[in-house]
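Q: This is the structure I want to talk about, given as structure tokens.
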Ligand SMILES: NC(=O)c1ccc[n+]([C@@H]2O[C@H](COP(=O)([O-])OP(=O)(O)OC[C@H]3O[C@@H](n4cnc5c(N)ncnc54)[C@H](OP(=O)(O)O)[C@@H]3O)[C@@H](O)[C@H]2O)c1
């Protein structure tokens, strides 16, 4: 039987869970469907009666309907895709079907590639990016810890759409600092700069974000960001290197005690999003005729660690 939801969130991990929390608080009892890949996740959420989100130290139960990603016939007013970038291709069919009558589709993945894929697959929908400036960790299938920050910047490269404005309003009502901008790619580049430094350095050093502040990290920060600035320029964006370094170091300081998602993925033996972050910078420069880049070497090192962990069955 066809089911109708106000919000559909594909992926009930850290970001999906926290967005469900804001939407529940701001949507006044809205129907929220959350799609999972594994039946264990669905069972755990059913047992708890929703997703438990720990924000500011207090656990809060967000009532959601957990669904398998192969469930047919669901339609939604708003769709948010919050799976990892590597899993986005496996959600394209679901996304297209959920968004038949939806007013906005938001992709929240870090890096470049996921928004582009969604735009290609859904040429007639209000497809947008959400640049996430909050952190979280999913500690159990049905339990997410909000680790700080509360902002999300939303924007569609297809121009303004009312659906996106209304989604931002619901998020704001729920306590999220949600903003809609007309130049979303600029914010995606700023976030890419941050991720291209913090993620691989913490993952390689197996350290907290504050490792980026060490004196020994500065030559790497410099080399990575030089290439990010060059790649952004090739895409038509002029980033100020000095401002960028400040932005990256301030963010690493503010989230100093956190482990980046790349460090967490490697620790759990999972594939990372490096191809969408440093790999994207490397490919951009390669296609402009640049030889070997630091971002390429970093991508290869992360792949080596991923491969070793897979080979040895670490988890
Ligand atoms: N975590 C953060 O603090 C943070 C901050 C900023 C941006 N981001 C970005 O947000 C994105 C999501 O990260 P995350 O940390 O929230 O991920 P996560 O905790 O690993 O959760 C991923 C979720 O995606 C689900 N999933 C995977 N394939 C699926 C499919 N085919 N259909 C439906 N669901 C599927 C998983 O389902 P199962 O539970 O069934 O496995 C899981 O619930 C990433 O791109 C990341 O870069 C994360």
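Each value in this text was obtained by applying a stated rule to the coordinates, not by laboratory testing. Just so you know, these numbers come straight off a predicted model, no measurement behind them. All Cβ positions, glycine included, derive from the backbone under ideal geometry; neighbour counts span all protein chains shown.
Q: Where the centroid of each part is defined by its Cα atoms, how far is segment 1-63 from segment 189-239 in Å?
A: Measuring centre to centre over Cα atoms gives 33 Å.
Q: Fewest first, what order do 46, 216, 273 take by the number of other Cβ atoms within 10 Å?
A: Arranged by neighbour count, lowest to highest, 46, 216, 273 become 216, 46, 273.
Q: Considering the Cα trace of segment 186-312, what is its radius of gyration and what is Dmax, both in angstroms?
A: Taking only Cα atoms of segment 186-312, I get Rg and Dmax of 13.9, 43 Å.
Q: Using only the alpha-carbon atoms, how far is helix 218-234 inclined from the longest principal axis of the chain? Give it as 0 to 90 degrees, nearest 10.
A: 70 degrees
Q: Shifting gears a bit: Taking every pair of alpha-carbon atoms in segment 114-236, what share in percent sits in each 5 Å bin, from 0 to the bin with the longest distance?
A: For segment 114-236, the binned pair fractions read 2, 9, 15, 17, 18, 17, 13, 7, 2, 0 percent.
Q: What number, in nm² with one decimal, is the all-direction average of the projected area of the convex hull of the alpha-carbon atoms of segment 3-182?
A: 8.8 nm²
Q: Here's something else I'd like to know. Based on the Cβ-Cβ distance of residue 90 and residue 245, what FRET efficiency does E = 1/(1 + (r/R0)^6) give at R0 = 30 Å, to the nearest 0.05?
A: E between residue 90 and residue 245, to the nearest 0.05, is 0.25.
Q: By count of other Cβ within 10 Å, fewest leading, how are 35, 112, 186 ordered?
A: Fewest-to-most Cβ neighbours within 10 Å comes out as 186, 112, 35.
Q: Could you list 5, 122 in order of exposure, starting from the residue whose Cβ has the fewest other Cβ atoms within 10 Å?
A: Fewest-to-most ranking of 5, 122: 122, 5.
Q: Count the DSSP beta bridges whose two residues both fall in segment 6-161, then state the antiparallel fraction as a percent rounded to the nearest 5.
A: About 40 percent, rounded to the nearest 5.
Q: Using a Gaussian network for the chain with springs between C-alpha atoms less than 10 Å apart, which of these wobbles most: 215, 116, 230?
A: 215
Q: Here's something else I'd like to know. Please give the FRET efficiency for residue 166 paired with residue 268, using the beta carbon to beta carbon distance and R0 = 35 Å, rounded to the nearest 0.05.
A: Taking R0 as 35 Å, the efficiency between residue 166 and residue 268 is 0.45.
Q: In degrees between 0 and 90, to the nearest 10, how far off the longest principal axis of the chain does helix 39-48 point, with axes built from Cα atoms?
A: Around 60 degrees separate the two axes.
Q: Distance from a point 7 Å along Cα→Cβ of residue 58 to each backbone N in segment 19-49: keep the residues under 16 Å and list them by number.
A: Of the residues in segment 19-49, 21-22, 24-26 have backbone N under 16 Å from the label point off residue 58.
Q: Any idea what the alpha-carbon Rg over 2.2 N^0.38 Å comes to for the chain?
A: My calculation over the Cα atoms of the chain gives 0.97.
Q: Nearest-5 percent of antiparallel DSSP beta bridges in segment 107-258?
A: 65 percent
Q: Follow-up. To the nearest 10 degrees, how steep is helix 294-312 against the longest Cα principal axis of the chain, on a 0 to 90 scale?
A: 60 degrees
Q: Pull up the DSSP beta bridges for the chain and report the antiparallel fraction as a percent, rounded to 5.
A: Counting DSSP beta bridges with both partners in the chain, the antiparallel share is about 35 percent.
Q: Still on this structure: Give me the one-decimal nm value for the distance between modelled label points at residue 151 and residue 40, 7 Å along each residue's Cα-to-Cβ direction.
A: My value for the distance between the label points is 3.7 nm.
Q: Counting helices only, and only those DSSP H runs with n ≥ 4, report the 222 nm mean residue ellipticity of the chain as the sum of -39,500 (n - 2.57) divided by its residues, in deg cm²/dmol to the nearest 500.
A: -14000 deg cm²/dmol
Q: Expressed as a rounded percentage, what relative contact order does the chain have, with Cα pairs under 8 Å and six or more residues apart?
A: Normalised by residue count, the contact order of the chain is 15 percent.
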